[in-house]
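Note sheet for the following structure.
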Amino acid sequence: MALRTILTAPDPVLKQTSKPVEGPVTDEHRALMDDMLETMYAAPGIGLAAIQVGVPLRIIVMDLAREGEEKAPRHFVNPEVLWRSDDTQPYEEGCLSVPDFYEEVERPARVKLRYLNYHGEAIEEEAEGLYAVCIQHEMDHLEGVLFIDHLSRLKRENAMRKLKKARKLAVM
Ligand code: K1U
Ligand code: ZN
């Protein structure tokens, strides 16, 4: 396993649309998911899309276990949303590609998903709560969308200003 570098906005790679995994889930995909989880745990974060480490494939990892709980890694290959609830919920989101910026985003409260797991098995299940928030955030990454793209122009520009300032301080 290896730690990968997490790309940060405004890196243009983050705006790319990720491509489906064609054919079976292979050991190469599993090695990428292992690296992504290690990178996510180290950050630390609760989710990560492959494009955030520069790989434009429709692959996501997630772990929503709380501190002190046993690890509960989840793997999603070619995830699809089959259904979205009409009711929405607000959640203060963050993103490892937009460090140190948190803002409320409103999304459907529940979604029905279809995806392939780590072993390439097809899964269909409903997500709610933080699971629904996180999978929708991560699936946005697969379309080149960041959570700040859901905000007003003012809030998005504020996020980018903070990011550029932090980056400038880091190289000084
Ligand atoms: O960059 C990412 O996509 C990961 C992101 C996932 C996410 C968080 C909150 C709402 C929606 C999606 C993060 O993990 S940001 C960091 C974070 O939320 C966190 C970090 C440490 C402990 C608990 C949470
Ligand atoms: Zn993110």
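One residue stands out among those in segment 118-154 that are of a type in the set (Phe, Trp, Tyr) and assigned to a helix (DSSP H, G or I): the one that is nearest to ligand 1 (Cβ to nearest atom), which is 147. Scanning segment 8-66 for residues that are among the aliphatic types (A, V, I, L, M) and out of contact with any helix residue (DSSP H, G or I) (no Cβ under 8 Å at 6 or more places or on another chain) returns 25, 31, 33, 37, 40, 42, 43, 65. Among the numbered conditions (1) modelled with pLDDT of 95 or more; (2) surrounded by fewer than 16 Cβ atoms within 10 Å (Cβ to Cβ), the only one that residue 58 does not meet is (2). Suppose the filter is more than 18 Å from residue 58 (Cα to Cα), at pLDDT below 95, of a type in the set (A, V, I, L, M) and in a helix (DSSP H, G or I); does residue 163 pass it? Yes; evaluated as a whole, the condition is true for this residue. Within segment 39-91, the set of residues being farther than 22 Å from residue 112 by Cβ, among the acidic types (Asp, Glu) and either within 9 Å of ligand 1 (Cβ to nearest atom) or assigned to a strand (DSSP E or B) (or both) comprises just one member, 67. Of the residues in segment 108-116, at least one is away from ligand 2 (no atom under 15 Å from the Cβ), under 18 Å from residue 48 (Cα atoms) and hydrophobic (A, V, I, L, M, F, W, C). Of the residues making up segment 1-55, just one is of a type in the set (Lys, Arg), loosely packed, with under 15 Cβ neighbours inside 10 Å and within 22 Å of residue 121 (Cα to Cα), namely 19.
The values are calculated or read from the model by the stated rules, or taken from the named source; none is laboratory data. For clarity, every value in this text was computed on a predicted model and none was experimentally measured. Counting neighbours? That spans all protein chains shown, and the Cβs are built from the backbone with ideal geometry, glycine included.
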